Amino acid sequence: MIEDSQNIELLRITTAGSVDDGKSTLIGRLLYDSKSIFEDQLSSIRDYSKTNRNQEIDYSLITDGLKSEREQGITIDVAYRFYSTPKRRFIIADTPGHEQYTRNMATGASNASLALILIDAKKGIVTQTRRHTFISSLLGIRHFVVAINKMDLVDYSEEVFEQIVEEYKAFAEKLSVESISFIPLSALKGDNVIERSTNMPWYQGSPLLDYLENVNVAGGRNLIDFRFPVQYVNWSGNEFRGYCGTISSGVIRKGERVIALPSGRTSKISRIVTYDGDLDYAFAPMAVTLCIEDDIDISRGDLISRENNLPAITGNIEANVVWMDTESMQTGKDYLIKHTTKTVKGSFSEVRYKFDLEKIHRIPAEFLSVNDIGKVKIELKKPLYADLYSKNRLTGSFIVIDPHTNQTVAAGMISKYKQVSPDKACESVKSKVIRYPGDKKEKAKSDYDRLSMQGTQCIYVDDEILQKGLCRGIAVDTDEYSRIIEGLCNIATESGVSVVLCTENEVSLE
Amino acid sequence: MEEKEESYHLSNLKTLEAESIGIIREVAAEFENPVMLYSVGKDSSVMAHLAIKAFYPEKVPFPLLHIDTSYKFPEMYEFRDYYTKKHDLDLKVHRNEEALSKGINPLSAGTVKCCAELKTKALLDALKEGGYDAAFGGARRDEEKSRAKERVFSFRDKHGQWDPKNQKPELWNIFNSRIDPGESIRVFPLSNWTELDIWTYIYHENIEVVPLYFAKKRPVIEKNDQLIPVYTDENPEETKEVMCRFRTLGCHYCTGAVRSEADTMPKIIEEMMVARHSERITRVIDHDQDSSMEQKKMEGYF
């Protein structure tokens with residue numbers, strides 16, 4: 001059993017639903033029957049049900065976690081549920097059906113590879129069903145299981161089931177969905193949840209749990225395009241220098257030729273370092289440390305890739321954006337775009353359209369408000385190394401941060417980009433000399449720190465450093481001193497490295 | 001010779017490990033002065049192990065902070081000093097000396113006040129004194145109801161408090177780490193781990209944990225279905241020797257043991273798999289009142 005746990009896979013599921021469609025009962029049953037709720041948790045839920053809800057057990061209390069929610073009787077956020085069977089481990093992102101629905105559904109779907117859609121057999125397909133299916137598909141989920149619940153209330157009728165299946169299929173045809181399975185069940189009575197139902201002999205498929213344990217969702221992982229956003233440079237002054245990060249997609253082998261963006265320099269992978277020993281190869285989503293044969297300068301926010309398989313280098317993108325903040329989008333305003341390990345400034349230049357989430361069609365819009373989803377154009381102040389979201393979830397997604405409130409105001413999925421040539425991209429991050437008078441050392445140093453943190457390649461130079469080395473014995477106000485500074489700055493900037501210069505000397509540069 | 005075929009399968013534990021290492025590195029890259037809270041328990045052992053892995057072969061680039069109530073089990077202090085020395089970790093210890101000098105303990109002050117002074121206040125003071133802008137905690141979403149909705153990056157205002165209604169959405173693996181001066185975040189790299197994951201990982205990775213987790217005959221007093229370990233000479237007549245172990249570790253006043261024969265790692269995992277009670281049942285503080293954890297979190301406790 002313990003040895004087997006090496007082979008247990010992790011499956012992330014997203015689900016959503018309104019209060020009375022039986023979602024909580026269904027999840028409660030899955031959790032309870034897989035022994036994922038403990039007796040003491042259950043007993044406190046039973047106590048609360050009896051005193052406050054006047055019923056034996058209210059399963060929704062398992063999923064409504066916060067006191068502030070229980071008092072109001074609503075669920076306000078995404079809750080994560082865990083259960084495991086000997087075959088698989090599951091994380092269910094459970095999102096409420098009403099308040100903040102779009103934002104929460106998008107959050108839940110962003111890491112999931114399977115969507116569990118719940119339909120009340122008595123009510124059939126409702127707005128909620130369409131909305132959840134649409135958002136899940138927009139967030140890149142390709143596998144759906146549709147649980148048609150409360151079959152006990154429609155006399156376990158095959159006809160009712162088939163009718164809902166037909167209607168759902170007609171709607172889902174328009175979305176990019178790879179597989180849909182339909183399961184008739186009753187969460188309350190336990191039909192087709194864990195055990196096959198004897199009440200619906202006409203249904204030949206698997207019960208829900210069996211389906212979840214066996215469904216193949218492996219197709220979602222991109223193992224072709226190697227992308228490695230550099231997250232952390234592991235160097236503390238010693239001999240070792242490694243680039244830490246999580247492989248977004250693809251496979252990398254020791255000895256392979258790679259290219260670093262934005263510098264465009266190429267080299268070979270000399271080591272793939274992990275605590276458990278060096279590896280011959282590594283693949284997504286492993287977190288590793290790469291060492292490079294040649295001494296090329298790479299910082300956080302750079303991306304390591306293969307020469308013949310580069311991401312787009314782009315300063316103009318089009319994306320599906322989910323707006324999450326109560327403050328609406330302002331076009332033209334500078335926001336921060338965090339994409340992989342890089343944060344750049346950018347602004348929304350145009351809203352092409354937004355989606356009417358009731359009818360799932362496009363309508364014109366000037367801006368997006370909370371819980372809106374729309375297609376927008378974004379202009380970036382510095383280029384990103386990106387892929388289309390449909391090809392690559394991690395290099396195709398970003399979040400938008402309001403620099404004044406620090407809130408995460410939106411999430412985006414890249415659907416189109418304008419590619420710039422590597423030369424041009426590098427030009428926009430062109431190195432420069434930033435000057436400070438000799439008495440502004442503190443300020444200069446903090447500017448240098450800030451630039452380095454943002455991933456700008458730069459060096460720091462002041463009179464003290466110069467006089468210890470290059471300019472030893474040379475007076476600060478001499479021409480010779482100026483010439484040395486000029487020479488140093490030229491060497492640095494020509495190699496794409498900026499200089500933060502803090503000197504009393506009055507050299508004129510450019 | 002046969003050529004070895006490459007496999008691209010990543011197990012549940014390795015997936016969780018990669019995710020946690022990614023989170024730890026992101027914080028080290030984006031914050032100026034992070035610290036890792038270290039409670040000496042099994043989750044802390046796993047978290048410290050992940051930090052060591054994240055920065056190998058270099059040292060962990062931030063300190064570990066133990067908020068010490070002074071009432072931890074002696075075995076815990078011994079293990080803490082041994083483990084942090086062995087792995088060359090920079091350990092900092094903080095106690096609320098003022099409250100301790102007044103002789104506060106759960107018997108005299110009650111558990112609520114005692115926790116508020118020795119844990120919450122001590123933690124907030126230590127974070128402020130150290131000027132830490134990010135603090136890693138070992139909390140998991142499966143532990144307790146109010147934690148199920150916790151973010152990985154959990155924002156705290158200038159007073160270290162948590163507002164459940166004002167948390168930032170988290171999508172994919174992109175974390176918003178923007179804060180204003182004076183504000184801080186708590187980071188939970190083990191968010192998606194379950195208790196069973198923790199134990200199976202400890203087993204597979206050979207991670208050392210405090211011996212109290214293993215069953216052994218220990219002197220205890222039985223009170224309200226809880227086995228309270230005896231560390232003083234009070235009421236010796238009630239004391240009996242019971243084969244037991246601890247599922248969580250806290251202060252000896254407030255942490256009960258469970259009857260168990262599990263004296264090896266595989267036996268603990270086997271016991272876990274059939275467990276019908278959550279680990280927090282042996283924590284006296286969660287039972288004080290409904291939602292007591294949510295309340296503590298809002299005030300600044302983890």
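Overview of values
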read-out: Pair list, Cβ < 7 Å and 6+ apart or interchain, from segment A:155-175 residues that are without any contact (Cβ under 8 Å) to a residue 40 or more places away in the chain to residues that are open to solvent by less than 60 Å² (accessible area, probe 1.4 Å) and in a helix (DSSP H, G or I); value: A:VAL160/A:VAL154; A:ALA172/A:THR133
read-out: Hits in segment B:125-152 (condition: surrounded by 19 or more Cβ atoms within 10 Å (Cβ to Cβ) and either away from chain A (no Cβ under 14 Å) or not in a loop (DSSP other than H, G, I, E, B) (or both)); value: B:ALA126, B:LEU127, B:TYR132, B:ALA134, B:ALA135, B:PHE136, B:GLY137, B:GLY138, B:LYS145, B:SER146, B:ARG147
read-out: Output for segment A:209-266, where each listed residue is within 25 Å of the chain's Cα centre (by Cα) and hydroxyl-bearing (Ser, Thr, Tyr); value: A:TYR232, A:TYR243, A:THR246, A:SER248, A:SER249
read-out: Segment A:218-243 residues that are at the interface with chain B (Cβ under 7 Å from one of its Cβ atoms) and closer than 21 Å to A:LYS338 by Cα, paired with ones that are in a loop (DSSP other than H, G, I, E, B) and at pLDDT 90 or above (beta carbon under 8 Å, 6 or more apart); value: A:GLN231/A:ARG300; A:GLN231/A:THR341; A:TYR232/A:ARG300
read-out: Number of positions in segment A:418-446 that are surrounded by 20 or more Cβ atoms within 10 Å (Cβ to Cβ) and either at pLDDT 95 or above or within 20 Å of A:PHE228 (Cα to Cα) (or both); value: 1
read-out: The one condition in (1) at positive phi; (2) at pLDDT below 90 that A:TYR156 fails to fulfil; value: (2)
read-out: Matching residues, segment A:251-277, being free of Cβ contacts under 8 Å to residues at least 12 places away in the same chain and not aromatic (Phe, Trp, Tyr); value: A:ASP276, A:GLY277
read-out: Subset of segment A:485-507 (residues that are open to solvent by less than 40 Å² (accessible area, probe 1.4 Å) and aliphatic (A, V, I, L, M)); value: A:ILE485, A:ALA492, A:VAL497, A:VAL499, A:VAL500, A:LEU501, A:VAL507
read-out: Top-ranked residue of segment B:115-124 - restricted to ones that are within 16 Å of the chain's Cα centre (by Cα) and closer than 19 Å to B:GLY182 by Cα, ranked as surrounded by the fewest Cβ atoms within 10 Å (Cβ to Cβ); value: B:THR120
read-out: Scan of segment A:197-208 for residues that are under 20 Å from A:GLY28 (Cβ atoms) and assigned to a loop (DSSP other than H, G, I, E, B), ordered by number; value: A:SER197, A:PRO207
read-out: Condition met for A:LEU310 (under 10 Å from A:LEU261 (Cα atoms) and open to solvent by 20 Å² or more (accessible area, probe 1.4 Å)); value: yes
read-out: Those residues of segment A:103-123 which are in a loop (DSSP other than H, G, I, E, B) and open to solvent by 10 Å² or more (accessible area, probe 1.4 Å), in sequence order; value: A:ASN111, A:SER113, A:LYS122, A:LYS123
read-out: Cβ-Cβ under 9 Å pairs, at least 6 apart or on other chains, segment A:347-364 side over 14 Å from A:MET329 (Cβ atoms), far side part of a strand (DSSP E or B) and open to solvent by 80 Å² or more (accessible area, probe 1.4 Å); value: A:PHE355/A:HIS361; A:PHE355/A:ARG362; A:ASP356/A:ARG362; A:ARG362/A:ARG352; A:PRO364/A:ARG352
read-out: Residue tally, condition more than 26 Å from B:GLU58 (Cβ to Cβ) and in contact with a Leu (Cβ under 8 Å, 6 or more places away or on another chain), over segment A:213-249; value: 3
read-out: Residues within segment B:195-215 that are of a type outside the set (Phe, Trp, Tyr) and open to solvent by 20 Å² or more (accessible area, probe 1.4 Å), tallied; value: 6
read-out: Those residues of segment A:335-352 which are more than 10 Å from chain B (Cβ to nearest Cβ) and either hydroxyl-bearing (Ser, Thr, Tyr) or not in a strand (DSSP E or B) (or both), in sequence order; value: A:TYR335, A:SER347, A:SER349
read-out: Tally, over segment B:180-194, of residues that are open to solvent by less than 10 Å² (accessible area, probe 1.4 Å) and under 28 Å from B:GLY130 (Cα atoms); value: 7
read-out: Qualifying residue in segment B:59-74 (condition: open to solvent by 10 Å² or more (accessible area, probe 1.4 Å), over 29 Å from B:TRP172 (Cβ atoms) and assigned to a helix (DSSP H, G or I)); value: yes
read-out: Number of the condition not met by A:SER299 [criteria: (1) within 18 Å of A:THR395 (Cβ to Cβ); (2) touching a Phe, Trp or Tyr at 6+ places or on another chain (Cβ under 7 Å); (3) assigned to a loop (DSSP other than H, G, I, E, B)]; value: (2)
read-out: Residue that is at pLDDT 70 or above and under 20 Å from B:GLU195 (Cβ atoms), where the choices are A:ARG29, A:ARG12; value: A:ARG12
read-out: Segment B:39-48 - residue that is among the small types (Gly, Ala, Ser) and assigned to a loop (DSSP other than H, G, I, E, B) and, of those, nearest to the other protein chains (Cβ to nearest Cβ); value: B:GLY41
read-out: Flag if A:ILE363 is within 21 Å of A:ASP225 (Cα to Cα) and of a type in the set (A, V, I, L, M); value: no
read-out: Number of positions in segment B:6-38 that are away from chain A (no Cβ under 11 Å) and either on the phi > 0 side of the Ramachandran plot or surrounded by fewer than 24 Cβ atoms within 10 Å (Cβ to Cβ) (or both); value: 4
read-out: Given (1) modelled with pLDDT under 95; (2) buried (at least 21 other Cβ atoms within 10 Å of the Cβ), index of the condition A:ALA282 fails; value: (1)
read-out: Residue check, A:LEU175 closer than 25 Å to A:ILE414 by Cα and within 32 Å of the chain's Cα centre (by Cα); value: yes
read-out: Matching residues in segment A:456-484 - criterion: being outside any loop (DSSP other than H, G, I, E, B), polar (S, T, N, Q) and open to solvent by less than 40 Å² (accessible area, probe 1.4 Å); value: A:SER482
read-out: Members of segment B:206-247 that are modelled with pLDDT of 85 or more and part of a loop (DSSP other than H, G, I, E, B); value: B:ASN206, B:ILE207, B:GLU208, B:VAL209, B:VAL210, B:PHE214, B:ALA215, B:PHE246, B:ARG247
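Let's see how each residue does on (1) more than 12 Å from chain B (Cβ to nearest Cβ); (2) in contact with a strand residue (DSSP E or B) (Cβ under 9 Å, 6 or more places away or on another chain):
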{"position": "A:GLN204", "(1), (2)": "yes, no"}
{"position": "A:ARG271", "(1), (2)": "no, yes"}
{"position": "A:THR274", "(1), (2)": "no, yes"}
{"position": "A:GLY277", "(1), (2)": "no, no"}
{"position": "A:ALA282", "(1), (2)": "no, yes"}
{"position": "A:GLU293", "(1), (2)": "yes, yes"}
{"position": "A:SER305", "(1), (2)": "yes, yes"}
{"position": "A:PRO311", "(1), (2)": "yes, yes"}
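The values are calculated or read from the model by the stated rules, or taken from the named source; none is laboratory data. Note that this is a predicted model, so its numbers are computed, not measured. When we count neighbours, we look across all protein chains shown, and the Cβ atoms used for this are built from the backbone with ideal geometry, even at glycine. Only protein heavy atoms, including side chains, enter the accessible area calculation; ligands, DNA and RNA are left aside. Shrake-Rupley method; radii C 1.70, N 1.55, O 1.52, S 1.80 Å.
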